[in-house]
Amino acid sequence: MKWQSAQIDGKSKTDFVGHMNSVTGSLYKGGKKICDYKADGGFADKSQNVLKLKGNVQMKSLDPDATLTCEEVEFLAGEDLIKAKGNVNVVGSLGAMDTDGELWASSDLRRVATPSMFKKQ
């Protein structure tokens, strides 16, 4: 993860909480990069395995080729869950979907649905 400026509260070398500006980075699964992201700002809590991105969020998966854009994302690494909110748009080789509200997705953007439909899968 990279950022232009940040305020990091380090509890230890591996446990931190931070607020960042102009964030870019990648998500990994099983040691393999699956998605790149960028946003105007972000918040990370390593102990909770939570990453929040806010403002002009863009996430681009590598396989399948898909792009998610929205106003805000909460990524729950332990659940492999992306919660995207506000003007959500997903376009890729598997189709397209958009909403003014909220969509949930897997970190590789293979599964995308409304929260109620995602829970049923």
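The values are calculated or read from the model by the stated rules, or taken from the named source; none is laboratory data. Every value quoted in this text rests on a predicted model; they were computed, and no experiment measured them. FYI the Cβ positions are ideal-geometry reconstructions off the backbone, even for glycines, and counts take in every protein chain you see. We work out accessible area using only protein heavy atoms, side chains counted, and drop any ligands, DNA or RNA first. Shrake-Rupley method; radii C 1.70, N 1.55, O 1.52, S 1.80 Å.
Within the stretch 49-95, the set of residues being assigned to a loop (DSSP other than H, G, I, E, B), closer than 12 Å to C35 by Cβ and not hydrophobic (A, V, I, L, M, F, W, C) comprises D63, P64, D65, D80. Here V91 meets each of (1) modelled with pLDDT of 95 or more; (2) out of contact with any strand residue (DSSP E or B) (no Cβ under 8 Å at 6 or more places or on another chain); (3) of a type outside the set (S, T, N, Q) with one exception, condition (2). Where residues in the stretch 103-121 are within 13 Å of the chain's Cα centre (by Cα) and either polar (S, T, N, Q) or open to solvent by 40 Å² or more (accessible area, probe 1.4 Å) (or both), which of them is nearest to L27 (Cα to Cα)? The selected residue is S107.
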